[in-house]
Structure formats: structure tokens, C-alpha cells
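Laboratory data are not the source of any read-out in this text; all were calculated from the coordinates shown. Keep in mind that this is a model prediction, so the values were computed, not measured. Every residue, glycine among them, receives a Cβ derived from its backbone with ideal geometry; neighbour counts consider all protein chains shown.
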Amino acid sequence: MDHISPVIWQFLVKWLTNFAVIPPEASKVAPQVDALLLFMTLVSLVGLTLVILLVVTFSILYRRERNPVATQIEGSTLLEATWTIIPLGLFLVMFVWGSVLYFRIYTPPPNAMQVYVVGKQWMWKAEHPGGQHEINSLHVPVNQPVDLTLISQDVFHSFSMPAFRVKREAIPGRYTTVWFEATQEGTYHLFCSQYCGTAHSAMIGQIVVMSQDDYKKWLASSTSGVSLAQNGERLFASLSCTACHNGTPGARGPSLAGVYGSTLTLTNGQKVTVDDEYLRQAILNPSAHITQGYAPIMPTYEGQVSEEGLFSLVEYIKNLDTNYRIQQTTTTTELAPAATAAAPAGSNGKVSHE
Ligand code: HEC
Ligand SMILES: [Cu+2]
């Protein structure tokens with residue numbers, strides 16, 4: 001027996017020191033989420049203590065041997081109002097506090113860096129605008145808001161980053177977004193937190209938060225040589241989108257330069273703001289919303305473009321300038337030409353487009 005106890009002790013110590021009740025607070029929003037959680041826990045604990053104290057006290061005070069016959073009580077409006085209004089006030093505080101946080105978590109700041117994520121059974125694929133592809137990992141710079149656009153290729157998944165206190169469903173057929181700003185360098189867990197089939201528990205990865213400099217180096221060393229927008233440009237040509245969308249005056253389709261973020265009027269008079277989701281729908285389901293002044297001649301591309309391909313097309317259309325050229329964006333300029341040439345095609349376990 002003597003030799004077992006140190007082993008158990010060692011195990012216990014190791015378990016206790018490694019067992020994190022609360023994951024690290026590694027994002028800007030994490031301490032705010034924890035503060036709300038702490039408040040809610042404290043309110044519940046105070047409520048629980050109060051109820052237990054009353055139950056115990058009353059069962060002793062009014063036990064049968066002291067009160068053999070029950071007395072009829074008419075109630076007290078003051079008492080009832082008190083135990084209604086105080087909890088109501090506390091719940092309203094939680095509601096307002098929670099809503100403010102919710103909107104903060106789901107409204108990305110305008111300077112956020114864009115990353116696209118595809119979930120599928122059973123992996124996460126991340127696409128950076130500069131053309132870097134990753135599987136089950138996401139490299140991001142510290143102190144920089146990152147805006148994720150998510151979609152699933154098959155069933156529901158949920159992109160969950162506990163250290164950042166953020167998660168978001170990846171849904172088939174529709175883009176969802178979520179943003180975070182990492183505040184500490186390090187490597188953090190990435191989970192799929194929605195049961196999605198046999199290997200759901202293996203759908204895990206890493207979020208690597210790097211210094212701005214290391215991130216730039218990582219971008220340069222991991223590039224595929226073709227930015228997402230450039231890949232989109234290629235697809236745009238190979239799918240013959242150019243036949244109708246080419247920015248010339250007589251073109252059969254509207255010019256797509258500057259369409260992103262603009263407001264379109266549809267034939268039914270409805271006004272829509274063009275965002276990522278609208279672009280995706282316009283490509284896959286063109287007949288659902290026809291732009292005013294145009295004939296419904298655009299064919300559907302449903303089933304012909306992969307989710308990664310759609311991300312490329314969206315990124316291309318977002319970055320089109322009036323000459324139908326890709327605008328230089330901050331992320332694409334970070335592609336150092338030397339590193340681009342040096343990276344052999346097909347390196348870094350890339351996901352192939354199309
Ligand atoms: C046969 C001609 C034709 C082809 C090919 C075509 N489109 Fe279109 N497209 C149109 C027309 C016409 C409209 C406007 C009417 C509508 O909304 O369907 C349009 C609308 C759009 C819109 C909505 C924005 C707006 O200003 O109305 C997007 C985005 C778009 N096309 C992208 C594409 C992409 C990407 C491809 C290739 C994968 C493509 N189109 C291929 C004719 C075409
Ligand atoms: Cu999953």
C-alpha cells in the first residue's frame with residue numbers, strides 16, 4: 001500500500017493544478033462575460049441561501065409539536081410585493097446587462113480583420129483573405145479584432161472558443177458571423193460544441209494568438225501564393241460570370257464593382273443591402289431576388305461551387321474596383337512577393353478550391 005499512495009497523491013496534485021474550472025480570460029470580452037456570470041451566480045447563491053435559511057427556520061419554528069393546529073393566514077401584500085419587485089429588478093439588471101454584452105459580441109468593429117471558416121464533418125477549415133488555408137487551427141494576431149464568417153458544408157456545427165467566451169453556430173446554407181479580440185498570446189482550444197455525428201468529439205483544434213510581427217511572418221510563410229480574391233477572380237472567369245458581369249455599358253448583368261455594401265432595389269420594389277450573405281444567395285439562388293432593370297437570366301450556380309469557392313467569389317466581388325480589378329487590400333498587400341514565389345504550390349496541407 002505504501003507505494004500506491006504517493007502515486008495517487010501525485011495524480012491528485014496534477015489533476016487539481018491542471019483542472020481549470022474557468023478557462024483563461026484571453027479576449028477583450030471574456031472578463032465582461034465572466035463578470036455577468038459571477039453576478040448571476042452570486043444572485044442565485046444569495047437566493048438559495050435565503051430560501052434554505054427560511055425553510056430550515058420555519059420547519060423548526062412551526063414544527064408540529066409546537067403548532068398542533070394550523071393557523072389560517074390571509075397573506076401580506078407588502079411581503080408579496082417585496083418578493084416580486086426585488087427579483088424582478090435583479091432579473092431586469094441581468095436582461096439589460098446580457099443584451100448589451102450580446103450586441104457587443106455580435107457587432108464587429110469596422111476595423112476587424114476578416115477570416116472565413118467552413119465547418120464540415122469533422123473538421124474546421126479557415127480561409128484568410130491573403131490566401132492562407134488552415135485545417136483545425138486558426139492563427140490570429142493579438143490585440144486585433146477578428147471577424148469570422150462561418151458556414152457549414154453539411155450539418156450544424158458550432159465554432160467555440162472558450163478562452164474567448166465566444167461561440168457561433170456554423171449552419172448549412174447561410175453565413176453567420178462572430179468576432180473576438182484576443183488579448184493574450186498563446187494557444188487556446190477550439191471546439192465544435194454542437195453534436196454533429198460520430199467524430200464530433202474529434203472536431204477540435206487550436207487558436208494560435210501571435211504577436212503582430214509573428215503573425216505577419218506566419219502570413220508570409222503560409223501563403224498559397226494566390227489571395228482569396230485572386231482565386232475568386234479565376235473562378236469568376238472559369239464560371240463565365242464575365243459573360244454578363246464585365247462592367248461594360250452593354251453588359252447583360254449589372255456591374256458588380258462597388259455593389260458590396262450598397263443598397264439595391266429589386267423588381268418587387270424591395271430594398272436590400274448587399275452583404276456577404278446576399279452575394280452568396282445572389283449566386284446560388286438568383287431568381288429569388290431580381291435587381292430592378294434586369295432580366296431574370298442569371299443561371300443558378302447551386303452545386304457547382306464549393307463553400308470555399310463561394311468565399312473566394314464573395315471576397316473578389318467585395319474587393320472589385322470600378323475597372324474590374326482587385327483593389328489592394330491590407331491583407332493582400334501583406335503577401336510578401338518573395339515569400340509568394342518561394343511557397344511551393346500545394347504546401348501547408350491546403351484545402352483545394354473548387
Ligand atoms: C447570363 C448572364 C449572367 C451570368 C452568366 C451571371 N450573371 Fe450574375 N446577374 C445577371 C443579371 C441579369 C443580374 C441582375 C438580375 C438578378 O438579380 O438576377 C445578376 C445579378 C448578380 C448579382 C446580384 C448583384 C446585382 O447587382 O444585382 C451577383 C452578386 C451576381 N449576379 C454574381 C454573379 C456571379 C458570381 C456569376 C458567376 C458565378 C454570375 N453572376 C453569372 C446575369 C448573369
Ligand atoms: Cu461539428
Could you list which residues have their amide H under 5 Å from that of Arg174, counting only those 5 or more apart in sequence or on another chain, with H placed in the peptide plane? Ser152
Simple label model, 7 Å out from Cα along Cβ direction - Val96 to Glu302, nm: 4.7 nm
In nm, spacing of pseudo-spin labels at Arg63 and Ala288 (7 Å Cα→C-beta vector): 6.8 nm
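Using 0.36 nm times the number of residues separating Arg325 and Asn246, minus their current alpha carbon distance, what extension gain do you get? Could you put the intermediate results ahead of the total?
On the way: separation 79, 0.36 × 79 = 28.44 nm, distance 1.05 nm.
Value of the extension gain: 27.4 nm.
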Which FRET efficiency value, to the nearest 0.05, do you get for Lys217 and His189 by plugging their Cβ-Cβ distance into 1/(1 + (r/R0)^6) with R0 = 22 Å? 0.40
For segment 63-71, 3J(HN,Hα) per residue [Karplus equation, 6.51 cos²θ - 1.76 cosθ + 1.60, θ = phi - 60°, Hz, x = Gly/Pro]: 5, 4, 5, 8, 10, x, 10, 5, 9
Name the residues whose placed amide hydrogens come within less than 5 Å of the amide hydrogen of Ser137, ignoring near sequence neighbours (fewer than 5 apart) on the same chain. Ala126, Gln206
Over the chain, the sum of -39500 (n - 2.57) across DSSP H runs of at least four, divided by residue number and rounded to 500 deg cm²/dmol, gives at 222 nm -12000 deg cm²/dmol
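Quick one: which of 69-78, 302-311, 221-230 comes out on top by average Cβ neighbours within 10 Å, and what's the full order, highest first?
221-230, 302-311, 69-78
By average Cβ neighbour count within 10 Å, what is the ranking of 50-58, 268-276 from highest down? Write out the running numbers ahead of the final one.
On the way: 50-58: 10.1, 268-276: 12.6.
In decreasing order of mean packing, 50-58, 268-276 become 268-276, 50-58.
Relative to the Cα centre, what is the charge dipole magnitude of segment 228-342, using +1 at the beta carbon of each Lys and Arg, -1 at the beta carbon of each Asp and Glu, and rounding to the nearest 20 debye? Mind dumping the intermediate values first?
Numbers: 6 positive and 10 negative charges, 81 e Å.
Its charge dipole is roughly 380 debye.
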Which listed pairs, of Lys167/Lys318; Lys125/Lys318; Lys120/Lys216; Lys125/Lys167; Lys167/Lys217; Lys14/Lys217, have C-alpha distances above 24 Å, in listed order: Lys167/Lys318; Lys120/Lys216; Lys167/Lys217; Lys14/Lys217
Read phi for every residue in segment 178-195 and hand back ³J(HN,Hα) as whole Hz from Karplus 6.51 cos²θ - 1.76 cosθ + 1.60, θ = phi - 60°, with x for Gly and Pro. 7, 9, 8, 10, 6, 10, 9, 5, x, 10, 10, 5, 10, 10, 9, 10, 10, 3
